[in-house]
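I have placed the structure first, in the form of structure tokens, so that the comments after it can refer back to it.
The values are calculated or read from the model by the stated rules, or taken from the named source; none is laboratory data. Here the structure is a predicted model, which is why all the values come from computation and not from measurement. Neighbour counts run over all protein chains shown; Cβ positions are idealised from the backbone, glycine included. We work out accessible area using only protein heavy atoms, side chains counted, and drop any ligands, DNA or RNA first. Shrake-Rupley method; radii C 1.70, N 1.55, O 1.52, S 1.80 Å.
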Amino acid sequence: MDKNKIKSFAVWARRKMIESVTEKAERIGITKDKIEEVEVIQGGFKLGEETFYLSVKDRNALIHQIDEKGFEDVMEEVAYTWFNRFMGLRYMEVNEYLPSGIRILSSSVEGKVEPDVLSKVSDIIEELDLNGEEIYNLLDSGTTNDREKAYRIILVKQCNELGKIIPQMFEKISDYTELLLPDNLLEEGSVIRKMVEDIEESDWLEEKSIDAVNIDESKKGGIEIIGWMYQYYISEKKDEVFAALKKNVKITKENIPAATQLFTPKWIVKYMVENSLGRLWLEGHPNAELQGGWKYYLEEAGQEPEVEEELEKIREEHAKLTPEDIKVLDPCMGSGHILVYAFDVLYEIYKIAGYSEREIPKLILKNNLYGLDIDDRAAQLASFALIMKARHYNRRLFREIEREDLELNLCAIQESNEISEEVIEYFANGNEELKNDVKYLVDVFTDAKEYGSILEISNIDFEAIKKRLKEVEDEDNLMFGDYRKMLLDLLPALVKQGEIMSIVYDVCITNPPYIGNKGINDKLKKLIVDKYDQYKMDIFSVFMVRVSNYVFKNGHIGLMTPYVWMFISAYEELRKLLIKNRNITTLVQLEYSGFTEATVPVCSFTMRNSYINQRGEYIKLSEFKGEEQQSIKTLEAAKNRNCGYRYSVCQSSFKSIPSQTISFWVNRKIIDKYEKNQNIKDISEYSGAQNKTADNDKYLKKHWEIDRNKLGYKWIKIAKGGLFRRWYGNVEEVIDWSDEAKSFYKKNNGR
């Protein structure tokens, strides 16, 4: 996968789509500065001398949206809605997931530009409920405009048909969205043409084989292209937000998604899922075949007897779990990358437990996977990605979803701001308990997009609210029509997200947003100070605390965060909390530039949601430069615990280190000295500038050139300088510190 090409296309496509929908709005007399009056005629309206056979009702709906949200925001929203659909269609046609089997954006014939659907209309007339006579007349007229019109009709119909099975991505197209569908979709230079021509078809294609150990995960395609495309689509918006932040403009709730969207690399996703969800299952159901298939799984070292005793109790507890019992949450799901791989792992768990392969995908969607995000667009993509993953395993899935009306456990968090006291009174209908529950829900979710999934929800009587909602839906009292519409539009979403946020999960895995305290707006800052004051340095540190409340005791947590929390004094209280109350089971510290998209050095780690002083497995990649080396070296370390950069460490060791830094690579002798309260100066030797060896070839080596067992004895680490590294780095060399060598140094340096 060429991410540079994808980024170039996505950035261009956003500009092009906004420009195109803006031009469509201007054509029908709607601009940023003025809205023209039109003359209503039968079947449309006239603007000046031009006649438009378009719905006046749809035009009025567009004007209403602009009045509410602003012209630019509506253009941005519609542009992305269509871009989203184009991405979904492209992915589906390449993977042969379209129910008709006929490509809608491209041709399966090499060298052919026009989409197959225009030459195979007879095969889709019935399926898409098209007016065959109209379509054939347009195609037979011979004009480019008529052919374009026929294509637009087919495209809209295809999206509406897919909306029956994937409503999150292809909600029924009506009113202003269809009005602003860009013109010239088939022409060279259109977004559709460039998407087909600029992005390799293989980048959209799902993997068919098991991962090879030495293949860089970033080179592979499949459903993850949707996430990368979205991240790059909003990258210019992200740049604008951070440019404003430098001028002390706080990040508003509208801009949090753009500021924090960070697509997690596939290899890190696999590492987190395998060492949290995978570990949970293996603790109760050991299975060599499953474990062998999870390439990033870090098998634990031998434990102390008292720890082993505690682990045995946990294994007995987890042995009671069935696949259908397991609940996995991503509270910052973005475009669903983590949930998609969790689906793969769960599929293997179900299969090995003897479930029917055809039934497994629906069971996973129904029982196991839960997700939250404040970004409506990202939630659309996550829903699409999960359904596509399920379709990958069951080719009959679309028909079954349509028949059974299967609902995903995913939510884009919505706000309750519009629901007034009067509306609550009407809904409660004299039931005081119901009134209190709904009022609580409305209060909690006021300005909810400011706070997202760090909000905490009590487990109120959701079933009573849903029962009353059904009654409201069946009522036909016109007097309260406005109240009914508001409740039916807003309350189901609030109930669903409230339920998801009140459940306790077996596993929580996420890549939380990173926003420093200085960039947080006042409302969010107040909540954080009130509830997470000791951990307020960054949103990610708040989530490191919050996610534990989402998980059962002894459940598992997987996170990817900046690694500053491991060392910096500002995070000392956070470290103390984790070391005392959680157990790090695995951790991978990436090289400083190991994930260039993050712009900060990161780590990824998994924790047990309890403390038993379990020996954890740690991997230190700081010596391996470049992004592609990170996954390769982690795979090597997973296979070989003696590789030289993997460490097995009891968490209690960190309690002895000043500020309790997570210095997992520190020599055990040093830890012993700390535990005896000895100062470094009392047990160390001042070099007196004796690190001028006078023979570097003999006395200086790279640390991997020497026997690891001699490190700290004859050979010790030395910092010789190098490229800029914030906080720590450039410790690649070791120096011979034997008495013989030191004598040579002194002699040749005149000492």
- Task: Would you kindly find the accessible area of M486, with a 1.4 Å probe and non-protein molecules such as ligands, DNA and RNA excluded, rounding to the nearest 10 Å²?
- Result: 50
- Message: Among L98, L386, L559, whose Cα projects farthest towards the positive end of the dipole of the chain, with charges put on the beta-carbon of Lys, Arg (+1) and Asp, Glu (-1)?
- Response: L559
- Item | Cβ-defined net charge surrounding V21, 15 Å radius [Lys, Arg +1; Asp, Glu -1] | -1
- Query: Taking a probe of 1.4 Å, how large is the accessible area per residue of the stretch 478-573, in Å²?
  - Reply: 38
- Overall form of the stretch 302-407 per C-alpha gyration tensor (a/c, 1.5; a/b vs b/c): oblate
- Query: Can you give me the Cα centroid spacing of the stretch 321-348 and the stretch 379-457 in angstrom?
  - Reply: 19
- Message: Going Cα to Cα from K57, which aspartates and glutamates come in below 18 Å? Please leave out same-chain ones fewer than 8 positions away.
- Response: E26, E36, E37, E39, D67, E68, D175, E178
- Span from the the stretch 280-304 Cα centroid across to the the stretch 475-540 one, whole angstrom: 35
- Note the angle between two axes, namely the Cα long axis of helix 572-581 and the longest principal axis of the Cα atoms of the chain, as a number of degrees from 0 to 90, rounded to the nearest 10. 90
- Which order do H337, H285 take by accessible area at a 1.4 Å probe, largest first? H285, H337
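Counting only C-alpha contacts under 8 Å and six or more residues apart, can you give the relative contact order of the stretch 8-77 as a whole percent? Before the final figure, lay out each step's value.
Working: 47 pairs, mean separation 15.9, N = 70.
The normalised contact order for the stretch 8-77 reaches 23 percent.
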- Task: Indicate, rounded to the nearest 5 percent, the antiparallel portion of the DSSP beta bridges found entirely in the chain.
- Result: 65
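When a/c reaches 1.5 or more, the comparison of a/b and b/c decides; with that in mind, is the stretch 100-154 rounded, prolate or oblate per its Cα gyration tensor? Intermediate values should be presented prior to the final figure.
Details: a/c = 2.19, a/b = 1.17, b/c = 1.87.
Verdict is oblate for the stretch 100-154.
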- Query: Reachable aspartates and glutamates from K238, Cα under 15 Å, same-chain residues fewer than 8 places away excluded?
  - Reply: E76, E254, D375, E597
- Item | Electrostatic dipole magnitude of the chain [Cβ: Lys, Arg +1; Asp, Glu -1; Cα centre; debye, to 20] | 4440
- Task: List the residues whose amide H sits under 5 Å from the amide H of T585, counting only those 5 or more places along or on another chain, with H placed 1.01 Å from N in the peptide plane.
- Result: T606, M607, R608
- Between the residues Y611, L491, S8, the Cα farthest towards the positive end of the dipole of the chain, that dipole coming from +1 and -1 charges on the beta-carbon of Lys, Arg, Asp and Glu, is from Y611
- Task: With a 1.4 Å probe and all protein chains in place, put T596, T661, T252 in order of accessible area, largest first.
- Result: T596, T252, T661
- Remind me, relative contact order of the chain in percent, using alpha carbon pairs under 8 angstrom and six or more residues apart? 10
- Most to least accessible of R546, R315 (protein chains only, probe 1.4 Å): R315, R546
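Mind checking the dipole of the stretch 1-94: about its Cα centre, +1 per Lys or Arg Cβ, -1 per Asp or Glu Cβ, Debye to the nearest 20?
640
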- Query: How high is the relative contact order of the stretch 36-188, given as a whole-number percent (alpha carbon pairs under 8 Å, six or more residues apart)?
  - Reply: 19
- Message: Tell me the accessible surface of K120 in square angstrom (1.4 angstrom probe, heavy atoms of protein chains only), to the nearest ten.
- Response: 80
- Query: Shape of the stretch 509-558 from its Cα gyration tensor (a ≥ b ≥ c, root eigenvalues): rounded if a/c is under 1.5, otherwise prolate when a/b > b/c, or oblate?
  - Reply: prolate
- Within 10 Å, count the other beta carbons around each residue, average over each peptide in 5-13, 103-111, 273-281, and list them highest first. 273-281, 5-13, 103-111
- Give the residue from Q630, G132, N367 lying farthest towards the positive end of the charge dipole for the chain; charges sit on Cβ (+1 for Lys and Arg, -1 for Asp and Glu) and the dipole is referred to the Cα centre. Q630
- Item | Rounded Å value of the spacing that divides the Cα centres of the stretch 3-69 and the stretch 162-198 | 14
- Cβ-based net charge around Y341, under 10 Å, with every Lys or Arg adding one and every Asp or Glu removing one: 0
- Check: the stretch 262-346 dipole with +1 on Lys, Arg Cβ and -1 on Asp, Glu Cβ, in debye: 640
- Query: What does the accessible area of H703 come to, in Å² to the nearest 10, when a probe of 1.4 Å is used?
  - Reply: 50
